Each structure stands twice: as structure tokens, then as C-alpha cells.
Amino acid sequence: MTAQNSATTLPTIAVVPTPGTGQGTAPAADRASTPAADRSAARTGTALAALGVLSFSLTFPATAWGLESFGPWSLVALRSALAALLAGVFLLALRVPLPRRAQWAPLAVVAGGVVVGFPMLTTLALQTSSTSHAAVVVGLLPLTTAALSALRTGARPSRTFWTAAVAGAVVVLSFALAQSGGAPTTGDLYLFGALLVCAAGYTEGARLAREMPGWQVIGWALVGCLPLSLTGSALGLAYEPVHLGAHGLIGLAWVAAGSTFLGLYVWYRGMAEIGAARASQLQLAQPLLTLVWSVALLGEHLTPAAPVAAGAVLVCIAVTQRA
């Protein structure tokens, strides 16, 4: 991914990335400590959250590399299986108790949106769409998550928030139509579907993260999908061609260990220190970073509309953060 990968701390409308979400612990500012300790925690938290955003920004280029060696179904299943094994090791090592029975249904929504839906749909989209195009469209994810969170929780954001959210949606839709000659492509439909399922997973994950740390939410979602991902890996490798190469293996390793596991781990640790609202500001740079990687790593040539549209979406998100 994501994929990919946002978290929303409820009931406020503050959005943060890629992929089962929430804070799980109070920000450093809410804990009793000395000013020097607060500053140190803030610096550490900012650095960790920024590392998370950097990890997420590489997801689409890494996916494009992975597709050089694996089919889309194999790549997504292997990504989930490897990330689940890493998460399982951490959960066992830290002796994290199993979720309560009532928590498994929300975890299933997180898994369906973040572990399965978003990676699968964006991987399918990247077979026909460039990473720069996908980065602009999926840059709408924070707004989509915030809007769905408002509907899910009954929150009442301001008129300014909704105006900015609609403006961001119009920018992305206009960009997609302009790039595809006036009609959405199959890749665009996959990307818009990915926005919806991922936003649903993030919203439910944020609600669940009030009861457990955010990294445990995504960890248990990954582990819960392990039987499905192992089965999918076996079937995918059996029926899809495999052409092992350096790019493909590096891409797989990154989307599994970097984007899905390491990125989420450092993101949630950083967010616990500085809070979701401050962390979400760092994520505003993610689509623009992905555009840089698409040029540097994949040799893509950006259309003039891509950075303009990404910048416009960034402005819309910034407005919603302050609305």
C-alpha cells in the first residue's frame, strides 16, 4: 500500500494515514512531566511520525516494483502474510492478550478495509495507472476518512470543513477525468473503491483504538487475516507467473515490512507522543513525496496537472484540519 496507508481520533475530525488506526495512549502533553521531558518527547514523536509518513510515501513505488516479479493477487497475499508474521512475533514477544470477543467484529472491518481491500484495489489499479496518478487520487483519503468518521460518530463538522472536503473531492475527480479523457478508467474505479474501504477500516480502527493501542489494532487485524493470506499466497503463486528479480523482491519486502509493519509501528509511537492532530499535519506531505519517488525510482514523467492537483488537495486537507 494504503497501500496503505490514516487514523482518526474520535470525536474530533483530525486525520492521520495508512493503514487500522488510532492513538491508544494519551499524547505527551497530557501526561505529567517536566518541560524538558516534554520537548524531548515531542522531538522524538515528531521524528517517528515523520519516518512513518516517509515509509507510507514509498508504498506505491514499491508496489509497482513488486508487480515486476509477482501477480497482483500473489503480491497482496504475500504482503499480508509476511506483515502478519512480523506482527505475530511482536504480539507474542510482548505477551499481548487476545482481544475480547466484542472487539473481533470491529477488527474484521479494519482487516477488510486496510489489510485486504485497500492493498488489493490499489495494486490492481497500479497495473494500469501510474503511481503519480494514484498518489493524487488516494491523496483524498484523509478527507474521505474524516467525512466517514463524522457520519459514523454523529459529529457535526463546520461548514468550512465540508466545503473544503467537497472541493478536494472535485479536484481529484476533475484530475482523474482529465487524465483519462473525460471518463473514469478501470484503475480510477479501483482507486475510488480503495478510498471508501480504507476509510471505513480507518474509522472503525480509530473507534477500537480507544480500547487498545493503535499498533495492536493493526497487528491483530493482520494476524486475523493470516489463514486467508497464506491460502491466497499459495493459490496466487500457483496460478500467477513469477519472475523473480531485485526490484520485485525489494518491492515485496518494503510493502510488507516497511509500509505495513515498520511504518505503522513508528507512526503510532510518534502519534502517542505528539497527538493525532499534530501528526496529521506531517501526512500532508505524503502525496507530494510519492510524486518525487515516482520520478526518482520509476522514471515517470509527471504531467503539469499532477503536482498542481496534489497541492490543491493538500490545501483542502489543511483547511479541514483547522475548521
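The values are calculated or read from the model by the stated rules, or taken from the named source; none is laboratory data. None of the values given here were measured: they were computed from a predicted structure. Calculation scope for accessible area: heavy atoms of the full protein, side chains included, ligands and nucleic acids excluded. Shrake-Rupley method; radii C 1.70, N 1.55, O 1.52, S 1.80 Å.
Quick notes on this structure:
- Carbon plus sulfur fraction of accessible area for region 65-105, probe 1.4 Å, in percent: 71 percent
- Computed [θ] at 222 nm, helices only, for the chain once each DSSP H run of length n ≥ 4 contributes -39500 (n - 2.57): -21500 deg cm²/dmol
- Compactness relative to 2.2 N^0.38 Å, alpha carbon Rg of the chain: 0.93
- Accessible surface of region 184-272 [probe 1.4 Å, protein heavy atoms]: carbon and sulfur percent: 72 percent
- Per residue, in Å², the accessible surface of the chain once ligands and nucleic acids are set aside, probe 1.4 Å: 41 Å²
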